[in-house]
Amino acid sequence: MGFLTLLLLLTLLLFSVTCNGNQNQQFISSCGDIHNISFPFHVQGDPSYTCNNDDYTLSCDNNRTVLQRLSGNYYVKSINYTDKTIRLVDVGIQTNNICSSFPLSSLTPSNFSAADAPHYWVDSTSVPYWWVDSASLSSVVFLSCEKPVQSPKYINRTADCNTTRSRDDAGNGYYSYVVAGDVRVWDVANSCTVEVLYMSSLQLISERGSNLSWLDFNRELGYGFEAQWSFGGCDKCKEMASCFGDSVNVTAVCHFYCYSPLSFLQIFLGKESF
């Protein structure tokens, strides 16, 4: 066997080992400012994902990462895989165009079904589970009013838009306001109708909401809200991880649910962990 033949065989063997080793590496992708997108999320078109569950499919729209969930579309602002949190903002919130900025979907903690913990709400219709800490969220109410409202709680959405009234689809004029914080039924004036309910994880909204201009308030809305994902135990984590085939190390991504002291305690008690 000649030297060149031997060198070629060694090169092919090294290439084969390298390729087989990469089969155990997790598929990672990016979109815009969101890098290293990985389990349990995947970007639409990811060839490593083999299941039909699209609840955790992210799309890349004009170089912005979008999650479609709870009958709405949300820009992904950040993903923290250590804390298992994702920060989202409605695609209708436009920080660079305050006159058109408006949530396209209503969303409150009550959109999630109640769990055992008093301040947590869980969407238990899918795996992984979504949950939010309602105690850390600020309520935001968008109102349309037939008459102008003079109240320190009301922020005028049209004050900075060279007009005193907005127009609906029929061309009828109305006054547009937003109210934040602990909003009660009696805070809604008689001439007003609730258009959209929204929420924010930024404490400044609840602390100083009514003292902000619409320009500043809308900028704060752009921060979004945080939700957390989790799995209902070891088996469900493995089931979700199997959708990624060899691109995901099941033992590694499900370690917390399958091998942590908490998971063994849950198994002993016959309960599932969130």
Query - Looking only at the stretch 25-53, and only at residues there that are surrounded by fewer than 12 Cβ atoms within 10 Å (Cβ to Cβ) and part of a loop (DSSP other than H, G, I, E, B), the one that is modelled with the lowest pLDDT - result: 25
Report task. Give the residue that is farthest from residue 142 (Cα to Cα), with candidates limited to residues of the stretch 60-74 that are open to solvent by 40 Å² or more (accessible area, probe 1.4 Å) and outside any loop (DSSP other than H, G, I, E, B). Result -> 60
Query raised in the report: Does residue 98 qualify as being hydrophobic (A, V, I, L, M, F, W, C), modelled with pLDDT under 90, farther than 29 Å from residue 239 by Cα and surrounded by 18 or more Cβ atoms within 10 Å (Cβ to Cβ)?
Result: yes
Query - Scan of the stretch 128-146 for residues that are touching a Ser or Thr at 6+ places or on another chain (Cβ under 9 Å) and open to solvent by 10 Å² or more (accessible area, probe 1.4 Å), ordered by number - result: 129, 131, 133, 134, 136, 137, 139, 144, 146
**Report entry** Flag for residue 249 being open to solvent by 40 Å² or more (accessible area, probe 1.4 Å) and either modelled with pLDDT under 75 or out of contact with any helix residue (DSSP H, G or I) (no Cβ under 9 Å at 6 or more places or on another chain) (or both)
**Finding:** no
Query - the stretch 80-94: number of residues that are open to solvent by 60 Å² or more (accessible area, probe 1.4 Å) and closer than 16 Å to residue 199 by Cα - result: 1
Query raised in the report: Does the stretch 209-224 hold any residues that are more than 15 Å from residue 95 (Cα to Cα) and either under 16 Å from the mean Cα position of the chain (by Cα) or open to solvent by less than 10 Å² (accessible area, probe 1.4 Å) (or both), and which are they?
Result: 209
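The values are calculated or read from the model by the stated rules, or taken from the named source; none is laboratory data. Note that the structure is a prediction, hence the values are computed from the model and not measured. So basically every Cβ, Gly included, is an ideal-geometry build from the backbone, and we count neighbours across all protein chains shown. Please note that ligands, DNA and RNA were not included when accessible areas were found on the heavy atoms of the full protein model with its side chains. Shrake-Rupley method; radii C 1.70, N 1.55, O 1.52, S 1.80 Å.
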